[in-house]
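What follows is a set of notes on a single structure, which appears directly below.
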Amino acid sequence: MAPVAGPFAKDRFRPRIVGVVLVALGLVIALIIVPAQTLQLGRAVMQPAALPMACGLAMVLCGLAIVLKPMPDSGSAMLVPVTGAVTLALISYFGMRGLGFVIMAPALVLLMMLYMGERRWLWLGVGTLLVPLGIWLCFVVLLGRQLP
Amino acid sequence: MDAALAGLADAMTLGNLLWVLAGVVLGQFVGAVPGLNAPMAIAIAVPFTYALNPLAAIAFLVGINKGGTVGGAVPAILINTPGSADSAATALDGHPMAVAGQPRKALKLALFSSITGDTFSDIVLITVSTSLAVLALRAGPAEVMALMIFALAIIPGLVGGSMVRGLAAAFLGLLLSTVGLDQASGTPRLTFGMIDLYDGLPLAAVAVGVLAVGEIFRQIFAMRPPPRTAGDDGQAGAIASGAGEADQQLTLREFVALRVTLLRGAVIGTLVGAVPGAGSSAAAFLSYAEAKRRSPTPERFGKGAPEGVAATESANSAVVGSNMIPLLSLGIPGNVTAALILGAFIIHGIQPGPLLFQEQAQLVYALFGAMIMANGMNLVVGLVGLRFWTVVVRAPATLIYPVAFLFCIVGTHVVTNSMLGVAIMLCFGVLGLLMRLFDFSVVPFIIAFFIGPNFELAVIQFLVVSGGDPAFLLGRPVALALLVLSVLALWHFGFRAHPAKKSGDGAD
Amino acid sequence: MLKVGYGHRMLVAAGIAAVTMLTQPDAALAEWSPQRPIQLLIGFNEGGGADALARLVADNIEGSRGWTVVPINRGGAGGGVMATLLRNAAPDGHTIGMGVTTTFSNNPFFNEGMDYSPEDFDYLATIARSQMVLVAREDAPFDTLDELAETARERGSLTVAVMGPDMERVADMIADHYDIDLRVVPTRGGAEVLTQILGGHVDAGFNGGAHHQYIRSGDMKVVVNLNSEPLMVTPEVANLRDHGIDYATNIFFQFQAPAGLPDDVREALATAIDEAVNSDGVRQLAGERMEMQLGNLGPEALSAMIMDDARISARLAGTE
């Protein structure tokens with residue numbers, strides 16, 4: 001099988017890691033998390049744990065299949081995107097919770113635009129001032145909703 | 001007949017027309033902005049309609065609902081950030097079309113397909129809704145369970161990439177759909193003691209996170225464009241701007257050539273939409289699968305095949321109309337949007353159900369009139385809108401994605417009324433990014449997540465009703481056939497077609 | 001243990017309320033008024049009938065009192081999310097909640113992780129009662145509960161669709177009483193129960209209002225009344241006690257506040273809500289459109305009823 005796998009072991013190394021992670025995740029879910037987070041009922045057609053546990057075990061099987069027959073994947077770089085995304089998520093959550101929309105929304109957009117390399121004042125102005133103001137006017141003033 | 005004419009006359013007033021127009025414009029707008037969506041707009045709009053007369057109120061809400069499905073295709077096609085599971089399938093071929101330089105053509109195709117599907121299901125609704133509703137009632141736990149198994153079996157093999165990874169994604173989605181109070185026993189599952197999770201992970205937060213924010217993260221952090229030269233604006237979604245005007249036209253001949261695909265999509269959408277609880281988000285994929293299976297060139301699917309867009313958009317829009325079938329004739333809502341509209345009906349003194357056509361025939365026909373108007377408006381507003389959105393998307397990517405991200409945060413906060421919802425949305429954004437980086441399709445994940453609760457309940461109901469006796473299935477031929485097809489589909493995708501498909505994929 | 005019918009209490013409470021209002025028209029109004037907007041936590045999501053009801057009452061209070069009432073939807077966990085937030089709010093009259101009786105009388109006993117108890121709240125008013133029944137398709141071979149039991153014995157078992165664990169316990173009581181086998185089919189709610197019945201997938205099912213139109217259209221019949229009072233639409237149908245099963249459901253849409261409200265605040269809030277509940281708009285929506293039985297029990301009768309039901313729930317939960 002795996003006719004397209006290249007001659008280089010590197011091709012298969014990453015998928016194998018993915019497979020191992022999937023197996024580990026499935027095992028943790030099926031053997032630790034699900035039993036701890038569901039109740040055993042005296043009388044039930046299907047125990048509440050049945051479906052989540054089956055899903056965990058199925059993920060183990062999928063992981064095994066990937067380990068055994070690794071197919072090369074896109075091989076995208078992951079360190080920068082994942083740390084970047086996690087950082088952005090943390091900043092937006094704690095920023096919005098702590099400082100509120102009015103302060104955080106312009107700051108957040110500015111941060112992202114600068115990171116992406118935008119330096120033109122016009123577009124920076126639109127993103128950091130005009131759009132948050134529009135959102136605020138629409139939801140808070142017009143609709144009377146709460147923003148963070 | 002008098003009631004029908006009187007009802008239609010009631011509908012055709014300038015006031016109603018303006019309300020429908022307002023609803024359609026609003027619906028298309030919220031559908032097109034990543035992070036906002038039509039159910040959200042309807043939920044917020046319902047209290048504002050108390051002051052209106054019933055017909056204007058319903059016309060407005062129906063307008064939002066119909067506009068939302070048309071609008072939903074816009075971000076899916078232009079920047080690959082579908083706002084809901086319904087339009088996730090549209091992105092599969094719509095976005096590649098846009099990348100290949102035909103964004104406006106893809107949008108037009110989506111719009112016309114949408115209107116076609118919607119009009120078809122409205123005609124079915126207006127003409128045979130009562131008998132179709134009675135037919136749909138015969139779909140019991142066995143049929144619903146079998147339909148969902150079928151959807152889960154075909155979707156991982158459908159969306160390209162690795163079948164095994166697609167399956168793994170589907171199981172993860174199914175797993176996460178079990179968070180919350182178990183519907184059968186009412187006991188908490190995987191909630192880690194948080195009462196806010198008792199109703200499960202909020203659908204909107206998960207969908208926006210995985211489908212939109214995951215892609216936004218990827219665009220910001222993984223697709224960071226090289227330093228630009230002065231003339232390049234760095235368009236969002238890597239849309240090539242070189243294509244000539246001729247390439248952007250959708251000729252009548254091209255559209256008519258898609259008639260079979262369109263009709264099939266409309267029929268699938270109408271049937272699935274008419275069965276309450278069958279999972280309307282699966283309809284688009286069933287239609288897509290069928291179009292791909294019947295195509296002489298299935299390998300083009302996922303790379304910008306117009307049939308792919310036509311199949312999904314006609315099906316997911318047909319669902320919108322046919323969801324009204326069980327809603328009007330039985331008073332049973334098929335999905336979240338239908339439940340919201342049912343609430344609005346009751347508030348405005350309309351009691352959907354078996355007596356509706358007898359007691360309030362004139363109002364029902366007025367509603368049908370409003371729906372027809374909404375379809376017309378959808379077309380007009382959509383044609384203007386697609387020009388508008390193709391201009392908007394010409395703004396630099398450095399503006400589009402940050403702003404889209406902000407809208408996702410705001411939209412989620414508005415829907416869930418809490419920062420916890422935003423936190424969940426962001427976590428699923430990171431998950432969506434990881435899945436994209438490691439070639440796990442987000443589509444099987446989100447579909448499994450959406451139909452998970454209904455699927456589990458259908459299995460339990462089936463076990464109770466059948467008494468655990470497999471022979472029960474012999475009396476349910478439709479369910480049996482679907483189960484057999486599921487096994488065949490798994491075999492087909494998983495073993496037979498798999499190597500061939502891989503080598504095809506490897507060619508890019 | 002016998003339960004007192006709440007019908008009498010409701011009449012008495014309504015009478016007392018009417019008398020109080022006649023004799024001291026302005027006293028209660030002048031006592032207390034809020035210092036800032038009142039937050040109304042609605043235990044339902046946006047868009048439904050219950051949400052509409054809560055917002056309509058809020059509108060009415062704003063109109064009649066000049067207070068500002070801000071509705072906030074906090075649905076989820078059968079009202080549990082609303083109840084948890086409400087319990088943790090200050091008992092100063094600026095946070096009140098709208099929900100359903102069983103959120104307080106049942107959920108804390110049967111659902112794990114509900115971090116509140118019925119004593120954590122001051123109960124203010126009810127809007128209307130949702131009358132629970134067991135229904136079957138018109139062509140079912142039984143008309144009464146006794147006949148249903150007989151059919152179950154003949155066939156070995158029957159399937160019954162329930163809207164949630166509460167009704168599953170009622171099905172168990174019926175099955176125990178007659179010593180029959182009732183197979184419980186869980187559903188997503190009342191509307192789906194009706195679908196399953198109409199489609200012939202189950203033999204009977206529980207419902208609390210949406211079935212009225214099917215009774216009137218002749219597609220369904222009521223097998224037994226689960227309430228202590230006669231039903232509005234079909235008053236002749238017997239209730240569980242008539243069949244020797246000592247149980248009745250009490251499901252009201254109601255208002256409550258965190259426990260420990262000062263007396264003048266509770267009085268002012270209860271009076272304001274009572275007036276709103278008796279306004280034309282609310283009566284029309286709850287009574288005519290949602291087809292519920294109208295009536296405000298008043299704070300005392302409502303508290304007593306919830307405490308009684310809570311004791312029954314505690315007993316049932318203990319024996320399970």
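Just so it is clear, none of the values below were taken in a lab; they were calculated from the coordinates. Keep in mind that this is a model prediction, so the values were computed, not measured. Virtual Cβ from ideal backbone geometry, glycine too; neighbours counted across all protein chains shown.
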For the range C:133-243, percent of DSSP beta bridges that are antiparallel (nearest 5) comes out at 50 percent
If you average 1/r over every pair of different alpha-carbon atoms in the range C:133-243 and take one over that average, what Kirkwood value in Å do you get? 13.6 Å
Given the pairs A:69/B:292; B:105/B:292; A:69/B:303, which span a C-alpha to C-alpha distance of over 22 angstrom in this model? A:69/B:292; A:69/B:303
If you put +1 on each Lys and Arg Cβ and -1 on each Asp and Glu Cβ, how big is the dipole of chain B around its Cα centre, in Debye rounded to 20? 960 debye
Sorting C:175, B:133, C:125 by the position of each Cα along the dipole of the protein assembly as shown (Lys, Arg +1; Asp, Glu -1; all at Cβ), the one nearest the positive end of that ordering is B:133
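Per-residue ellipticity at 222 nm for chain B, helices alone: DSSP H runs ≥ 4 residues times -39500 (n - 2.57), over residue total, nearest 500 deg cm²/dmol?
One gets -23000 deg cm²/dmol as the mean residue ellipticity at 222 nm.
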Pull up the DSSP beta bridges for chain C and report the antiparallel fraction as a percent, rounded to 5. 55 percent
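Once you have the alpha carbon radius of gyration of the protein assembly as shown, what is it after dividing by 2.2 N^0.38 Å, with N set to its residue count?
So the Cα radius of gyration is 0.93 times the expected 2.2 N^0.38 Å.
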If I model a spin label as a point 7 Å beyond the Cα along the Cα-Cβ vector, how far apart are those points for residue A:54 and residue C:147 in nm? 3.9 nm
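Once every DSSP H run of n ≥ 4 in chain C is given -39500 (n - 2.57) and the sum is divided by its residues, what mean residue ellipticity at 222 nm do you get, rounded to the nearest 500 deg cm²/dmol?
Numbers: 12 runs with 132 residues, N = 320.
Mean residue ellipticity at 222 nm (helix-derived): -12500 deg cm²/dmol.
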If we count other beta carbons within 10 Å of each Cβ, what is the order of B:345, C:104, B:48, fewest first? B:48, B:345, C:104
Just the number, please: percent antiparallel of the DSSP beta bridges in the protein assembly as shown, rounded to the nearest 5. 60 percent
If you find the alpha carbon centre of the range B:1-61 and of the range A:95-131, how far apart are they in angstrom? 34 Å
What list of ³J(HN,Hα) values in whole Hz, one per residue of the range B:478-493 in order, does the Karplus curve 6.51 cos²θ - 1.76 cosθ + 1.60 (θ = phi - 60°) give from phi, with Gly and Pro shown as x? 5, 4, 4, 4, 5, 5, 4, 4, 4, 4, 4, 5, 4, 4, 4, 6
Simple label model, 7 Å out from Cα along Cβ direction - residue B:257 to residue B:484, nm: 3.6 nm
What does the structure give for A:65-78 when I average, per residue, the other chain Cβ atoms found within 10 Å of the residue Cβ? 4
What does the average come to when, for each residue of peptide B:327-333, you count the partner chain Cβ atoms lying within 10 Å of its Cβ? 4
Do any trypsin sites (Lys or Arg not before Pro) in the range C:190-299 lie in a loop, going by DSSP, with at most 12 other beta-carbon atoms within 10 Å of their beta carbon, and if so which? none
Cα centre as origin, Lys/Arg/Asp/Glu Cβ charges: the protein assembly as shown dipole, Debye: 4220 debye
Going from the fewest other Cβ atoms within 10 Å to the most, one would list B:491, A:136, A:121 as A:121, B:491, A:136
For the residues C:122, B:199, what sequence is obtained by ranking on other C-beta atoms within 10 Å, fewest first? B:199, C:122
Peptide B:415-426 - average C-beta neighbours from other chains (10 Å radius): 4
Exposed-loop cut sites defined as trypsin sites (Lys or Arg not before Pro) in DSSP loop states with at most 10 other Cβ within 10 angstrom; longest site-free run of chain A spans A:44-118
Stretched out fully, how many nm does the piece from residue A:103 to residue A:133 gain, at 0.36 nm a residue minus the Cα gap? 9.7 nm
For the protein assembly as shown, with +1 on Lys and Arg beta carbons and -1 on Asp and Glu, the positive-most of B:479, B:267, B:213 along the dipole: B:213
Taking Cα atoms only, helix A:10-27 is inclined relative to the longest principal axis of chain A by an angle, in degrees rounded to 10, of 90 degrees
